[in-house]
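Quick notes on the structure that follows.
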Amino acid sequence: MDVSHARFSVNYDGPALAEHTMDVRDLAPALLALGELFDAANHALNGDATQVSVNVRAHEPGCFSIDLDVVQSIIKRGIALLTGDEIAAAINLKELLIGGAGAAWSLIKLIKFMRGRTPDKIERLPAGMVRITISDNTFDVPLKLLRLYQDLAVRSAVERVVERPLETPGIDEVIFFDKGTETARVTKPEAHFFRTPSIEDKILIDDVRQSAFSIVALAFKEDNKWRLHDGQNQISATIADESFLSKVNNNLVSFAKGDVLVCEVRFVQKQTSKGLVTEHIVEKVIDHRPASRQIELNFYPQD
């Protein structure tokens, strides 16, 4: 199993750190996010062909600085070679994320430069590069860097490494170093650029169907959902039938255990930043069938 290494430092600075100490409630989430950042970047570029870990190293006194080792284990080199996809080794990941001697651009620099704006144009170039045009600026970056910029897991981790600590009073800067040379710096006024972008929900299924439900629980507060059961599964449904709700609110309709509602239900499934979300909206209550309260008998007319 091949292993690659990279080292870098991150420095949190400001009046709150004058004594070279940092509240563990601020430090611990930032350190965890650093590990998640490299893990997410490694997965975005290498899939399951490699594993990566970020280890804290002892450091000398000074401004509150954290020295870290990135250790990447290549566990499926054969698969990577067969697919023709060159593995982004630990040092490449480090340079793509925070910069280094061989990197003109890094994810930190790109986020700062973009300032939350959307590119006007993106062009594919040879040798794994892309050309980004925004306003009057045109510049070339590695395609792998653009993939990291677009990856929500990567952006979420960057937010927790950069923006969250800078929200803390007394922490004014986050500075990244490679072999003692500063590669990127983010100040408090720039912190909001690192907030994870929100993405629009994508509707996958939008279908209206008829279905019968027993009532599990009612909700009389505005925007609360009723809990219904279709005979197999329990769902939470928004009641959008205003006429039916008016009857309920005016006590013109009463319910008992075992009652059944026959409804037109809109079934919507969305792909969101948090995963697959399913919504049920009762657009119309077609019939309210009370539970059976007596034995039904068939009567035939006499001759």
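Taken together, the values in this text are just the output of simple stated rules run on the coordinates, not laboratory data. All values derive from a computational prediction rather than experimental measurement. No Cβ is skipped: glycine too gets one built from the backbone with ideal geometry, and neighbour counts run over all protein chains shown.
Think of each Lys and Arg Cβ as +1 and each Asp and Glu Cβ as -1; about the Cα centre, that makes the dipole of the chain roughly 200 debye. Estimated at 0.36 nm per residue, the fully extended path between Val71 and Asn249 surpasses their Cα-Cα distance by 57.8 nm.
Just tell me the longest site-free run in the chain, where the sites are chymotrypsin sites (Phe, Trp or Tyr not before Pro) in a DSSP loop having at most 11 other beta-carbon atoms within 10 Å. Free of exposed loop sites, the longest segment is 1-219. Only beta bridges with both residues in the chain are counted; by DSSP, about 95 percent of them are antiparallel. For Ser135, neighbours were defined as the other residues whose beta-carbon sits under 10 Å from its Cβ, and their charges (Lys and Arg +1, Asp and Glu -1) total -1. Report summary: the helix-based calculation at 222 nm, which adds -39500 (n - 2.57) for every DSSP H run with n ≥ 4 and divides by the residues of the chain, gives -8000 deg cm²/dmol. Taking springs between alpha-carbon atoms closer than 10 angstrom, which of Gly102, Gly170, Gly35 fluctuates most in the Gaussian network model of the chain? Result: Gly102 has the largest fluctuation of those listed. The mean sequence separation of alpha-carbon pairs under 8 Å and at least six residues apart, normalised by the residue count of the chain, gives a relative contact order of 16 percent.
In this simple spin-label model, placing a label point 7 Å from the Cα along the Cα-to-Cβ direction at both Arg185 and Asp201 gives a separation of 4.3 nm.
For Lys247, the lysines whose Cα falls under 19 Å of its own Cα, not counting residues fewer than eight places away in the same chain, are Lys221, Lys225, Lys257, Lys284. Annotation: extensible slack from Asp287 through Gln210 equals 26.6 nm (criterion: 0.36 nm per residue apart, minus Cα-Cα distance).
Spacing of the modelled spin labels on Glu264 and Ser135, each 7 Å from Cα toward Cβ, amounts to 5.1 nm. Across Val253, Val282, Val262, mean-square fluctuation computed from a Gaussian network of the chain (C-alpha pairs under 10 Å connected) peaks at Val253. For the chain, modelled as a GNM whose springs connect Cα atoms under 10 angstrom apart, the maximal fluctuation among Lys144, Lys284, Lys179 occurs at Lys284. Of the GluC sites (Glu not before Pro) found in region 92-175, those that fall in a DSSP loop while having at most 12 other beta-carbon atoms within 10 Å are Glu167.
Here's the list of lysines a cross-link from Lys202 could span, going by alpha-carbon distance under 22 Å and ignoring same-chain residues fewer than 8 apart: Lys270, Lys274. Taking all Cα pairs closer than 8 Å and separated by 6 or more residues, the relative contact order of region 174-271 comes to 33 percent.
The Cα center of region 156-218 and the Cα center of region 249-268 differ in position by 39 Å. Taking other residues whose beta carbon is less than 13 angstrom from the beta carbon of Glu264, and scoring Lys, Arg as +1 and Asp, Glu as -1, yields -1. Ordering Leu245, Phe177, His280 by the projection of their Cα atoms onto the charge dipole of the chain, which places +1 on the Cβ of Lys and Arg and -1 on the Cβ of Asp and Glu, puts His280 at the extreme positive end.
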